[in-house]
Amino acid sequence: MRQLSKLHTLFLLLFFALVWYAQNQPYIAAYRAREPVSEDKFIELLYYMNSSASGYSSIQNYCLVYLIPFLLLLQQLFKNEKSHEVIRHRGREKLFLLRFREIAFAAMFIGVVHSLVNVGASFLAFETSLVLSSDLLMYSLMNGLSLSLFYSVVGLIYSIQRDWFLSEGAPLVGTLLLIGGLFFFTKLLMPNAWTPLKDLILLTRFFEQVITWHGVAWIYAKQTILAIILFLFASSVAGRKDYIK
């Protein structure tokens, strides 16, 4: 597995930190104006900060804002995929498994960075005891796992298009259009219909206290099943691709 440079890691941390601050600055100001804040009010504040509609952890950010650095990260990890790797690893299946490891790594990295910034910045901006009592750390950990599964699915979609188009630019644009288009389609035309994007609501539901552990497990199960289906399809597409041209 290829390693990320310190520069790429720093860029992603700064990117997420800037998004966190830009979207949460009004809430930070409101908190400081009303300090001290009760635990109930702080939970309400975290709810709005992580709202699935418009917060740092919103579906819109997952499908549009964070999607771009994730796809660029995949491009960086895939850029050295050359025909000599097929010879060295003796088979397209093994090469695809290596690629999937890169996808899973990138997806997990985005999930970890998103959660790390959310928790770390909250400790810096708010009273430590309030952050600890809110269970933000545990909620963010569980949300990070959901994000890792979601971006693994996105990465597999990108991989399929990469093998179909045999280029780097087309699958990036195609994945942006597909995920972004699905977001706007469901938001504007079918707001009550289920799509995989509807499962990106863990943090909001946790702070609303309307989701059970069974509900969390069901979300993970749906994301895992979708990832397995796309993995099998992407593996089939990669197996038919003519790597050596």
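The values are calculated or read from the model by the stated rules, or taken from the named source; none is laboratory data. What you see is a predicted model; the values in this text were computed from it and never measured. Using ideal geometry, Cβ is built from the backbone for each residue, glycine included, and neighbour counts are taken over all protein chains shown. Only protein heavy atoms, including side chains, enter the accessible area calculation; ligands, DNA and RNA are left aside. Shrake-Rupley method; radii C 1.70, N 1.55, O 1.52, S 1.80 Å.
Miscellaneous remarks
- Residues within segment 168-212 that are among the acidic types (Asp, Glu), part of a helix (DSSP H, G or I) and more than 15 Å from the chain's Cα centre (by Cα), tallied: 1
- Verdict on Phe70 being assigned to a helix (DSSP H, G or I), open to solvent by 30 Å² or more (accessible area, probe 1.4 Å) and touching a helix residue (DSSP H, G or I) at 6+ places or on another chain (Cβ under 7 Å): no
- Residue match in segment 213-223 (condition: more than 19 Å from the chain's Cα centre (by Cα) and surrounded by 14 or more Cβ atoms within 10 Å (Cβ to Cβ)): no
- Within segment 116-167, the set of residues being charged (D, E, K, R) and either under 19 Å from Leu197 (Cβ atoms) or assigned to a helix (DSSP H, G or I) (or both) comprises Arg162, Asp163.
- Residue in segment 29-61 that is farthest from Thr195 (Cα to Cα), counting only those that are among the hydrophobic types (A, V, I, L, M, F, W, C) and open to solvent by 10 Å² or more (accessible area, probe 1.4 Å): Ala33
- Residue check, Ser167 open to solvent by less than 20 Å² (accessible area, probe 1.4 Å) and of a type in the set (S, T, N, Q): no
- Pairs where the first residue, in segment 226-239, is within 15 Å of Trp164 (Cα to Cα) and the second is open to solvent by less than 50 Å² (accessible area, probe 1.4 Å) and not hydrophobic (A, V, I, L, M, F, W, C), C-beta under 6 Å, 6+ apart: Ala234/Ser159; Val237/Asp163; Ala238/Asp163
- Candidate set: segment 132-150, residues that are more than 27 Å from Ile68 (Cα to Cα) and in contact (Cβ under 8 Å) with a residue 24 or more places away in the chain; chosen: the one surrounded by the most Cβ atoms within 10 Å (Cβ to Cβ): Ser134
- Taken as a whole, the condition of being in contact with a His (Cβ under 8 Å, 6 or more places away or on another chain) and within 21 Å of Val154 (Cα to Cα) does not apply to Tyr62.
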